[in-house]
Amino acid sequence: MSIVSASKENIAAAAALLRAGRLVAFPTETVYGLGGDAGNDLAVASIFATKGRPSFNPLIIHVPDAAEAADLVRFDKRAQKLAAAFWPGPLTLVLPRRSDSPVSLLASAGLDSLAVRIPAHPIALALLQAAGCPIAAPSANPSGRVSPTTARHVADHIENGQMERQVAMVLDGGPCMVGVESTVLDLTGERPILLRPGGIPRETLQEHLGPIAVARAVELGGPKSPGMLLSHYAPHLPVRLDADLAQSGEALLGFGPARDAMLNLSERGDLAEAAANLFAMLRALDRPTFRGIAVMPIPDHGLGAAINDRLRRAAFR
Ligand code: TXA
Ligand code: MG
């Protein structure tokens, strides 16, 4: 495994590795993804194995443009409207899988739907174009752990032996700008359902679609989107939410003005800045020198919903 800069040559090399069935970690605007050829059963199986991810949890399929997405899934009016408004961008649409879709059934965990998105990141788009095949890419972390927002985060997991050494290359594109994963919206039924809050706030989607129901987290046993498993994004230390002050031995993760914060998600109380900092700061405080991580309250509107979703799962034991 090597971390390499995302030069033209290295993107071409990464695309060749993907076509050969190997795995490549690459930057997107949300988090780093662990990519593999979505049409190759072995590559997809190796994504699940590398992450230690339960095989019932389906993967998002990444494509460089809407025409390619239309080869995989059936778009209705609502999907067309959202794709036009938000792609490329941090929105994943769950749509009915086309019967002639080339995507491995393993990637969609045998469901008759498929989750697709076009990432808004020049390196990701260049890689997808060069690969010429749809790319399945979950976040490039061991299942259940904090998602990576830098190439170094990905490399740490590999070097620590937490991810099998099957990753052929890590493309370094600097830190991710959005910092939380894409919003996952289920459009397979009559009512749109938010399966995972993410980089595009529900309020923003509602301006285009009208009311969007929120799926309730189910613990285990055939959840509609297994990304709703309660414990996820977990640092090693216990996480305590809505804290005003650190208790003894705790590191305080601040939001807004905070005198005693060890790190601050956003001193000026900006939710986009907080989202971009979230995973890197959780990782930075996740050290044995502390007993736990206490996090100050974050408003629950806009991007705050995605931040609080991740924090609640990080705190769940
Ligand atoms: O921002 C992102 O979406 C990142 C970057 C790399 O693109 N990817 C990501 O993938 O977060 P992952 O595997 O960590 O999360 C995928 C989510 C899970 O919650 C999964 O259950 C859901 O999407 N999902 C995938 N396919 C689905 C389907 N057919 N039906 C319902 N949920 C699905
Ligand atoms: Mg993930």
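The values are calculated or read from the model by the stated rules, or taken from the named source; none is laboratory data. Note that the structure is a prediction, hence the values are computed from the model and not measured. Ideal geometry is used to build each Cβ from the backbone, glycine not excepted, and the neighbour counts take in all protein chains shown.
Tabulated values for the structure
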{"quantity": "Any chance G52 is on the phi > 0 side of the Ramachandran plot, within 13 Å of ligand 1 (Cβ to nearest atom), of a type outside the set (D, E) and touching a residue at least 12 places away in the same chain (Cβ under 8 Å)", "calculated": "yes"}
{"quantity": "Members of the range 107-143 that are free of Cβ contacts under 8 Å to residues at least 60 places away in the same chain and hydroxyl-bearing (S, T, Y)", "calculated": "S108"}
{"quantity": "Test: residue in the range 65-79 that is in contact with a His (Cβ under 8 Å, 6 or more places away or on another chain) and small (G, A, S)", "calculated": "no"}
{"quantity": "Unique match (being under 21 Å from Q162 (Cβ atoms), of a type in the set (A, V, I, L, M) and away from ligand 2 (no atom under 16 Å from the Cβ)) among A20, A45", "calculated": "A45"}
{"quantity": "Options V154, V184; residue that is modelled with pLDDT of 95 or more, part of a strand (DSSP E or B), within 27 Å of A15 (Cβ to Cβ) and within 16 Å of ligand 2 (Cβ to nearest atom)", "calculated": "V184"}
{"quantity": "Strands (runs of 3 or more DSSP E) wholly inside the range 25-120 containing at least 3 residues that are within 17 Å of G198 (Cα to Cα)", "calculated": "60-62, 91-96, 113-117"}
{"quantity": "Candidate set from the range 83-97 (those that are more than 19 Å from the chain's Cα centre (by Cα) and surrounded by 15 or more Cβ atoms within 10 Å (Cβ to Cβ)); member that is nearest to ligand 2 (Cβ to nearest atom)", "calculated": "R97"}
{"quantity": "So P102, is it modelled with pLDDT of 95 or more and either within 19 Å of the chain's Cα centre (by Cα) or within 10 Å of ligand 1 (Cβ to nearest atom) (or both)", "calculated": "no"}
{"quantity": "Residue match in the range 7-23 (condition: closer than 21 Å to G199 by Cβ and within 20 Å of the chain's Cα centre (by Cα))", "calculated": "no"}
{"quantity": "Meets criteria (touching a strand residue (DSSP E or B) at 6+ places or on another chain (Cβ under 7 Å), among the aliphatic types (A, V, I, L, M) and touching a residue at least 24 places away in the same chain (Cβ under 8 Å)) for V103", "calculated": "yes"}
{"quantity": "Qualifying residue in the range 92-102 (condition: more than 15 Å from T183 (Cα to Cα), out of contact with any Asp or Glu (no Cβ under 8 Å at 6 or more places or on another chain) and among the aliphatic types (A, V, I, L, M))", "calculated": "no"}
{"quantity": "Hey, D112 under 20 Å from R191 (Cα atoms) and of a type outside the set (A, V, I, L, M, F, W, C) or not", "calculated": "yes"}
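Residue-wise test of (1) part of a loop (DSSP other than H, G, I, E, B); (2) without any contact (Cβ under 8 Å) to a residue 40 or more places away in the chain.
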| position | (1), (2) |
| --- | --- |
| A234 | yes, no |
| Q247 | yes, no |
| D260 | yes, yes |
| G269 | yes, yes |
| A276 | no, no |
| L282 | no, no |
| T289 | yes, yes |
